[in-house]
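The values are calculated or read from the model by the stated rules, or taken from the named source; none is laboratory data. Just so it is clear, the model here is predicted, and its values are computed rather than measured. Note that we place each Cβ from the backbone using ideal geometry, even for glycine, and neighbour counts take in every protein chain shown. Just so you know, the surface numbers come from the protein's heavy atoms only, side chains and all, with ligands and any DNA or RNA stripped out. Shrake-Rupley method; radii C 1.70, N 1.55, O 1.52, S 1.80 Å.
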Amino acid sequence: VATILARLCAAVDAKARAKAVASLVESVDASPSGDGDAAAKRHLAVLALGELGRRSDLSSLKPSPADALERALRSGDDEGAADEQRTAAAAALGQLVAGAPPAHLESLLKGLEEDPCPREYLLLLALKEVLVW
């Protein structure tokens with residue numbers, strides 16, 4: 001479903017794409033609640049941003065999809081988010097970086113250089129996605 005959503009977003013004009021990305025970012029940033037539908041919507045938004053970022057350069061859009069995915073990586077630190085959600089966010093961030101390496105790769109590598117790096121595994125997973133794509 002995320003792949004289809006990303007392909008549809010990639011096929012529309014820039015203004016409609018920016019509106020769709022803003023909606024996806026809003027869904028990613030939505031605070032997780034006990035509602036399973038909200039969690040599923042957030043998960044779909046994370047996956048769709050990764051797929052779309054791999055297909056299109058989203059670096060110039062505001063709100064920033066990369067920032068939203070970085071926040072999703074940190075969400076488990078204080079909100080008890082599932083490992084699956086953080087892993088999906090890491091993979092999506094890697095896909096987004098693969099779609100526009102000049103805009104995002106340096107930020108990813110700086111995150112890995114932090115000492116200590118509490119999200120090292122997740123950032124390495126994101127880097128793996130960059131290398132795969």
Exercise for review: Among the candidates 88, 92, 103, single out the residue that is closer than 18 Å to residue 55 by Cβ, surrounded by fewer than 18 Cβ atoms within 10 Å (Cβ to Cβ) and touching a residue at least 40 places away in the same chain (Cβ under 8 Å).
Suggested key: 103
Point to revise | helices (runs of 4 or more DSSP H) completely within the range 1-84 that count 2 or more residues being open to solvent by less than 20 Å² (accessible area, probe 1.4 Å) and modelled with pLDDT of 90 or more | key: 14-29, 36-55, 65-79
